[in-house]
Amino acid sequence: MLFSKIQTHYLLILAITFGNFWIWRIFKDNLVVGILLVILSFLLFKQLVDKFQIHRLLILIFIFLLISFLTLRVGFDANIFITSPQDLSQLNRRHGFYADELGLLFTNRFSQKAYKYLSLPILKLEKNLFSNLDINLYFFASHPRERGTGEFEKYSWLLLFPFILGFFSILKYYKVVGTYLSSAALISMLLNPAYSLGPVLFFPFINVLIAFGLISFLNIFKNKMPKS
Amino acid sequence: MNIKQIVLIFIVLFSALFIRLYQLDQIPFGLNIDEASMGYNAYSLSQTGKDRYGQSYPVIFRSFGSFQAPLYTYLLVPVVQLFGTNIFAVHLVSALSGFIIVCCSFLIAYFGSKRNFKLAVLVAIVVGFAPWSILFTRFGTEASLGLALFVLSIYFFILSLKKISFFIPAAFFLGMTTHAYYSERLISIFFFVGFILIFFKKFLKNKGWLILGTAVFIATLLPHLMVLQSGAFTRRLEQVNYFSEETFLKQGENLRNLPFGRFLYVIREFSSQYITYFSPKNLFFEADPQQARSIPNLSVFYSWMVVPFFAGIFYLVKNKSLEFIKILILIIAISPIPASLTRDPFYTLRTLEFLWSVSFIIAFGIYSILMRIPYFYVRFGLVIVMLLFSIVSLYTSYFILFKYERAENFGYSYIKLLEFIEQNENFSQKKFVVDNSRDLGAGVRIAYLKRYDPSKLQQTLKVLVGNKYYSSLEFEEKYSLDNIEARPIFWEKDVYEEQILIGDNLAISEQQITEHFLKFEFEIKDRQGNVSLKGYSTNPKAKKESDIAKQIPHSL
């Protein structure tokens, strides 16, 4: 064979990392973040397919934190702590409903403070968190539930199928993948949904999933081919 | 099961029933257009044996140019006879369906997991108290009945794996789901075929039961043949699909320039619609875009359930060889298909089977997480905290916010209007025109609550339908109910008659009030305290005099 199995896999992850619309948009906007994301994708993939190496893990964590810092510096969602006039109107209206129905349970000091100062920021953080956990955001520019904030198709919708296959094949690495996904989700929660580059910390994760999906597909195809 | 376990499951089931019956006629207070239609048709059937269009025992019920599956309406007939024509009666069938769903879910999980009681109780709790389950089993919707029958059939399918004779009731109930709601027409066929394929080896040893069960299933589908060639059978899909050339040309974007572009467009559209039902954002945060099908601040599951959701997927994949899990995977895969064939994004009502199966995934996740915690008091504490958090979320979002903010989706103001008219002796001799431009169901809702004589309404509507009951013909339906007419206001005619015109700010503007000499009589407020409807009496004499002064010919 011209390439070994390992080399094929690395070629695959490279092809996926550069073969999507998202990375080129990132390069255009911020070359440094783009390069770091490419490295991070590669490192994350290696972390799963190769033996555990502590120095690689440390580099991975460092690059992850660096990207987090660079993106939050520009795209931090300050609206989390700002109450718009519409928000205020809704808060006041609902205040009346809760007061009527709950009485002292709601009108006491503690509940009032929690409602006034915490309820809205928590809701906004939740909104940011879950808006990034939307598969359609990455493959269909949020269609059919477009947000109207300049979404763009980050990956071709044809890659959805290997993505799904990759999700199931990567489950055995749930500790690493789960930790990465949770960390990316929590950091991206602080990003403004209208940030031009999108939730970039998910970029390596999706690349790895698609790569695993394609590898699984190739393995299935190889097993079904008659042996000469 | 020991005594403690029996007591525990009894508490869970009783709580599930209680939460579905508590203030059932108050939240939501009202009836949407479909509920009012089913309610009145049930009343009409109980009195005359015909629906409001004068059709005897329809195979499928016509309603404002569309069609409703029949089973809910027929089940409503004895309920309406027993409890009267009120909100409670219409909601009750859904509530009882919800209770059946919870009971059967427990049994499915218990027998499917080889009597794992803890897992089964968790399933019952998640199914019983998930927001989607509460919402859709507290107002009248055919989908809840469809799901109840589906879940009942799944229970029998699971039993049939041990004793093949249960395949017959399984096939029967599965076939009956197709008469309960639209989505089940496809889901039931996919499931039936899928089930046989998955357990084909078992059926090879029991060919007789397979043939008999298939015959029973097909027999239950036979009534559909009566309307297959008419517009009624496919009307709903025609209204909401995206397969047409017109849609492709409008939304196909760059695919319009490719060979097989329309085919690719349909595949892409289907993929985007299908995957949207699996998206954590939609399941755990952003609810159905339609207000009538969503709870404020809550999606179909509580947001914290995203964690056990992922854990549950892992559990599902790890145990995929179990028979019960194979059935669940089949349901998860096929249940979003009917909804994905439509262009409405995340239409929850069409995917209750899917939401039900996701509840199982979440319960598996909760179970696997709890089993990893070695200390009983930590597990217990975690369960109590999550339960309390969920109860508080549910109470504040559904029993408070939903009650106030969604009341208008169920015609709250129109019901209050009817109460006002009936309680006010001054209006007993007056004639009313209620504008229904923004609420087509106003007329049938009033007819139902007033127990309006069905034979009189049939005389009006039958003339419009003729002998084309099952065709796709649409026409404007006028509801003249004694002294109340529900229809759009005709300004060139209505202001010349002595009557009270009722409508919202869009129906009756300030300019029209001045121009037509209308006199303010009363206002009706919605549940949030905002004025939603206003009543104005006409002044035909002043209007005619004004016309004469302006030399305008008036119509009578």
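The values are calculated or read from the model by the stated rules, or taken from the named source; none is laboratory data. If you're wondering where the values come from, they're calculated on a predicted model, not measured in any experiment. In this analysis, Cβ positions are derived from the backbone assuming ideal geometry, glycine residues included, and neighbour counts consider all displayed protein chains.
So here's what we get for this one:
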| quantity | calculated |
| --- | --- |
| Pairs with Cβ under 6 Å, 6+ apart, first in the stretch A:23-50 and within 17 Å of A:Val176 (Cα to Cα), second of a type outside the set (Val, Ile, Thr) and surrounded by fewer than 20 Cβ atoms within 10 Å (Cβ to Cβ) | A:Leu48/A:Tyr173 |
| Members of the stretch A:75-86 found to be in a helix (DSSP H, G or I) and surrounded by fewer than 15 Cβ atoms within 10 Å (Cβ to Cβ), listed by number | A:Ala78, A:Phe81, A:Pro85, A:Gln86 |
| Residue under evaluation B:Arg379, criteria (1) surrounded by fewer than 19 Cβ atoms within 10 Å (Cβ to Cβ); (2) in contact with a helix residue (DSSP H, G or I) (Cβ under 8 Å, 6 or more places away or on another chain); (3) not in a helix (DSSP H, G or I), criterion not met | (3) |
| Scope the stretch A:117-137; condition touching a residue at least 40 places away in the same chain (Cβ under 8 Å), out of contact with any Leu (no Cβ under 9 Å at 6 or more places or on another chain) and more than 9 Å from every other protein chain (Cβ to nearest Cβ); matching residues | A:Pro121, A:Lys124 |
| Count of residues meeting criterion [of a type in the set (Lys, Arg) and under 16 Å from B:Gln499 (Cα atoms)] in the stretch B:409-439 | 2 |
| Leading residue by the ranking (nearest to the other protein chains (Cβ to nearest Cβ)) among those in the stretch B:328-339 that are under 20 Å from B:Ala180 (Cβ atoms) and buried (at least 20 other Cβ atoms within 10 Å of the Cβ) | B:Ala339 |
| Yes/no for A:Ser169 being within 12 Å of chain B (Cβ to nearest Cβ), touching a residue at least 60 places away in the same chain (Cβ under 8 Å) and under 19 Å from A:Ser41 (Cα atoms) | no |
| Residue within the stretch A:163-170 that is of a type outside the set (S, T, N, Q) and over 25 Å from A:Leu186 (Cβ atoms) present | yes |
| Top-ranked residue in the stretch B:270-279 [being in a helix (DSSP H, G or I) and closer than 19 Å to B:Phe310 by Cα; ranked as farthest from the other protein chains (Cβ to nearest Cβ)] | B:Tyr274 |
| Unmet requirement for B:Lys4, which otherwise passes all of (1) among the charged types (D, E, K, R); (2) in contact with a helix residue (DSSP H, G or I) (Cβ under 7 Å, 6 or more places away or on another chain); (3) under 30 Å from B:Lys114 (Cβ atoms) | (2) |
| Residue in the stretch B:78-96 that is under 20 Å from B:Phe354 (Cβ atoms) and assigned by TED's automatic domain parsing to the domain that holds B:Phe380 present | yes |
| Matching entry among A:Ala99, A:Ala141, A:Ala114 (being over 15 Å from the mean Cα position of the chain (by Cα), within 11 Å of another protein chain (Cβ to nearest Cβ) and either more than 30 Å from B:Asp344 (Cα to Cα) or modelled with pLDDT under 90 (or both)) | A:Ala99 |
| Some residue of the stretch B:247-257 being more than 11 Å from every other protein chain (Cβ to nearest Cβ), buried (at least 16 other Cβ atoms within 10 Å of the Cβ) and out of contact with any Phe, Trp or Tyr (no Cβ under 7 Å at 6 or more places or on another chain) | yes |
| Selected residue [surrounded by fewer than 17 Cβ atoms within 10 Å (Cβ to Cβ), among the hydrophobic types (A, V, I, L, M, F, W, C) and either under 16 Å from the mean Cα position of the chain (by Cα) or within 13 Å of another protein chain (Cβ to nearest Cβ) (or both)] from A:Leu186, A:Leu209 | A:Leu186 |
| Residue match in the stretch B:514-526 (condition: touching a residue at least 40 places away in the same chain (Cβ under 8 Å), under 26 Å from B:Ile548 (Cα atoms), aromatic (Phe, Trp, Tyr) and assigned to a loop (DSSP other than H, G, I, E, B)) | no |
| Within the stretch A:51-96, considering residues that are of a type in the set (Lys, Arg) and under 29 Å from the mean Cα position of the chain (by Cα), the one nearest to the other protein chains (Cβ to nearest Cβ) | A:Lys51 |
| Any chance B:Ala542 is farther than 20 Å from B:Asn426 by Cα, surrounded by 12 or more Cβ atoms within 10 Å (Cβ to Cβ) and touching an Asp or Glu at 6+ places or on another chain (Cβ under 6 Å) | no |
| Counted residues, the stretch B:286-327 - those being more than 9 Å from chain A (Cβ to nearest Cβ), part of a loop (DSSP other than H, G, I, E, B), in contact with a helix residue (DSSP H, G or I) (Cβ under 6 Å, 6 or more places away or on another chain) and among the polar types (S, T, N, Q) | 1 |
| Checklist (1) among the β-branched types (Val, Ile, Thr); (2) more than 11 Å from every other protein chain (Cβ to nearest Cβ); (3) surrounded by 19 or more Cβ atoms within 10 Å (Cβ to Cβ) applied to A:Thr179, failing item | (3) |
| Subset of the stretch B:285-333 [in contact with an Asp or Glu (Cβ under 7 Å, 6 or more places away or on another chain) and more than 30 Å from A:Ser119 (Cα to Cα)] | B:Ile331 |
| Residue list for the stretch A:1-30, restricted to those being at pLDDT below 85, in a helix (DSSP H, G or I) and either exposed (fewer than 13 other Cβ atoms within 10 Å of the Cβ) or not polar (S, T, N, Q) (or both) | A:Lys5, A:Ile6, A:Gln7, A:His9 |
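This table checks each residue for (1) closer than 23 Å to A:Ile135 by Cβ; (2) crowded, with 21+ Cβ neighbours inside 10 Å; (3) touching a residue at least 60 places away in the same chain (Cβ under 8 Å).
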| site | (1), (2), (3) |
| --- | --- |
| B:Glu245 | no, no, no |
| B:Ile267 | yes, no, no |
| B:Gln273 | yes, yes, yes |
| B:Pro296 | no, no, yes |
| B:Ser299 | yes, yes, yes |
| B:Pro308 | yes, yes, yes |
| B:Lys318 | yes, no, no |
